[in-house]
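One structure is given here, and the rest of the page talks about it.
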There are 2 protein chains.
Amino acid sequence: MPGFMPGIHVFIHGMANKDVDGRDKSGHDGGSASMPSFMDLALDHARAAGAAGEVPVGCVIVRDSQVIAAAGNRTLIDRDPTAHAELLAIRAATKAIGSERLTDCDLYVTLEPCAMCTAAISFARIRRLYYGAADPKGGAVEHGVRFFQSRTCHHRPEVYAGIGESQAAALLREFFKERRD
Amino acid sequence: MPGFMPGIHVFIHGMANKDVDGRDKSGHDGGSASMPSFMDLALDHARAAGAAGEVPVGCVIVRDSQVIAAAGNRTLIDRDPTAHAELLAIRAATKAIGSERLTDCDLYVTLEPCAMCTAAISFARIRRLYYGAADPKGGAVEHGVRFFQSRTCHHRPEVYAGIGESQAAALLREFFKERRD
């Protein structure tokens, strides 16, 4: 289970593979390597999405250490351009808890969220955002419009980048390589 | 029925009430004042949303001069922070035509879309975006992140602002005044 300390977070890619509190950035701590992290579960959903022909991105939403929603991308299967993993998980989570605000919830996603999803994360009042690979082409956290830094963003989650980055990036690379070959 | 010419559009608020092709900016042309425009239909959905306690914003999506989807805000009713009129209409439209791309479709919305909705409009490949009131606090077309001007925006619709602006703005003013009183 991830155990990042609030307020002590890694926001820069390319740092050493241990977080500032000594835990592995994949979301495992040293003593429980066999226990899958929430980001591992998000990666499972990314793999399943990729196997179904979707861009391999997965997301889980967690409250009180319990997964309350999980999804992979479904834009092609659903023929819905808004069916990104984050949006699907947010909608499932609000349904699960019966509130349009996910105030005490943390969101784990394998890829830097886009402008649509960063805004949705903000509207949903997500407490912490953990993401894997950076997305220079479409991301909106540390790239592009950097939504959380805009004056029109009225709720900013704590952001932890680079969690499970290498696995998420490898999934995406393989997916796009297969499409090109 | 609106008849704005592609490529000749009004993007600045506060201009005279006639478009460059001589048509009334409300979406009527001079000869058919009794025929409701697509923006009038969007305003009807905004009013219905307001009557249900939602922020009064409405949206319609049009293809080949036919409305293929329409929605008002439903964030509170659905307990879903992503249930903005535009997102609901986009999802309904893609379902209606069986494609995740709305390439030949135009979207009419009574309020300047937010970051979530501008990105969704781009992903859906909407051809033209017509909107009413500007939204300095949450808009993402001419305010905030100005998504369509970002390098991470890979499809830009033609944008026509200020269509039915006064009615849309009056609806929102009344709604928030009632909430304050």
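The values are calculated or read from the model by the stated rules, or taken from the named source; none is laboratory data. On a predicted model such as this, the values are computed, not experimentally measured, just so you know. In this analysis, Cβ positions are derived from the backbone assuming ideal geometry, glycine residues included, and neighbour counts consider all displayed protein chains. Side chains are part of the model used for accessible areas, which takes the heavy atoms of the whole protein and leaves out ligands, DNA and RNA. Shrake-Rupley method; radii C 1.70, N 1.55, O 1.52, S 1.80 Å.
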**OP:** Under 6 Å between Cβ atoms, at least 6 apart or on separate chains: pull out the pairs that start in the stretch B:133-144 with a residue that is in contact (Cβ under 8 Å) with a residue 40 or more places away in the chain and more than 13 Å from B:Met116 (Cβ to Cβ) and end on any residue that is acidic (Asp, Glu) and open to solvent by less than 30 Å² (accessible area, probe 1.4 Å).
**Re:** B:Ala134/B:Glu112
Original post:
Considering only the stretch A:27-50, how many residues are surrounded by fewer than 22 Cβ atoms within 10 Å (Cβ to Cβ) and modelled with pLDDT under 95?
Top reply: 9
Original post:
Going through the stretch A:73-89 one residue at a time, which ones are buried (at least 18 other Cβ atoms within 10 Å of the Cβ), in contact (Cβ under 8 Å) with a residue 12 or more places away in the chain and not charged (D, E, K, R)?
Top reply: A:Asn73, A:Thr75, A:Thr82, A:His84, A:Ala85, A:Leu87, A:Leu88, A:Ala89
Original post:
What are the residues in the stretch B:99-134 that are among the β-branched types (Val, Ile, Thr) and over 17 Å from B:Gln66 (Cβ atoms), if any?
Top reply: B:Val109, B:Thr110, B:Thr118, B:Ile121
Original post:
Can you tell which of A:Ser122, A:Ser150 is in contact with a Cys (Cβ under 6 Å, 6 or more places away or on another chain) and not aromatic (Phe, Trp, Tyr)?
Top reply: A:Ser122
Original post:
With B:Ala70, B:Ala92 as the choices, which residue is surrounded by fewer than 24 Cβ atoms within 10 Å (Cβ to Cβ) and part of a strand (DSSP E or B)?
Top reply: B:Ala70
**OP:** Pull up the stretch B:76-93, narrow it to residues that are at the interface with another protein chain (Cβ under 9 Å from one of its Cβ atoms) and more than 17 Å from the chain's Cα centre (by Cα), then point me to the one that is farthest from A:Leu76 (Cα to Cα).
**Re:** B:Leu76
Original post:
If a residue has to be small (Gly, Ala, Ser) and not in a loop (DSSP other than H, G, I, E, B) to count, how many in the stretch B:73-87 make the cut?
Top reply: 1
